[in-house]
Amino acid sequence: MNTGDYGLELKFCRAEQSVQVQDGTRIEGYASLFGLPDQGGDVVQKGAYAASLKRLIARGGSVKMLWQHDPAQPIGVWDEIYEDERGLYVKGRLLLEVERAREAAALIGAGAIDGLSIGYRTVAAEKNAKGQRLLAELELWEVSLVTFPMLKEARVEAKGESLDAGALRDLAAALKDATAELAGR
């Protein structure tokens, strides 16, 4: 999928090893897996993110955590992003001060949202004999929580007692009360 003039592409992934949500805010899992063709016929090769991550670190930049690839809806921060033997591993936090992040936590907890997706620009790729695009180098821009991941071999699940609906309602009510109290001062 191409998103306009920036050449930004989106790659959806439901990680074979689950994305996990713990303590209602911490998220971790694979945003991309190496060597597996997705539904679009693309295969991310090992090392595809290395140069991009190195450049990000050098300039003090960060990969954004978005909701459904919407740049107007950041919902958290990625504290760690690295490649290992399997793929691109991410670990971060939903920011529960953000309404959409609270909604995301509830949706993950209920199993309604179970995917991660990357937003990237292709730097180097080639086609193989099967017609698959082999992605050798990618410039990573963002990792989103999404409804429909493209890598079908994987699944995502949520874990953590604090994700139950009652706890989230209590948190939302407490934030609403605090906001009203601050506004009344």
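Values quoted throughout were computed directly from the atomic coordinates according to the rules given, and no laboratory measurement underlies them. Fair warning: this is a prediction, and the values are worked out from it, not measured in the lab. A quick note on method: Cβ atoms are made from the backbone with ideal geometry, for glycine too, and the neighbour counts reach across all protein chains shown.
One Cα centroid belongs to region 63-90, the other to region 105-129; the line between them spans 10 Å. Oblate is the label for region 40-158, because the ratio a/c of its alpha-carbon gyration tensor axes (a ≥ b ≥ c) is 1.5 or higher and a/b is not greater than b/c.
To the nearest 20 debye, what charge dipole does region 21-67 have about its Cα centre, counting +1 at the Cβ of each Lys and Arg and -1 at the Cβ of each Asp and Glu? Write down the numbers at each step before the final one.
On the way: 6 positive and 4 negative charges, 70 e Å.
Magnitude of the dipole: close to 340 debye.
Any chance you could tell me what percent of the C-alpha pair distances in region 48-117 go past 18 Å?
Values: 1083 of 2415 pairs.
Cα-Cα pairs in region 48-117 separated by more than 18 Å: 45 percent.
In terms of the Cα gyration tensor, with a ≥ b ≥ c the square roots of its eigenvalues, is region 94-144 rounded because a/c is under 1.5, prolate because a/b exceeds b/c, or oblate? Cα axes put region 94-144 in the oblate bin.
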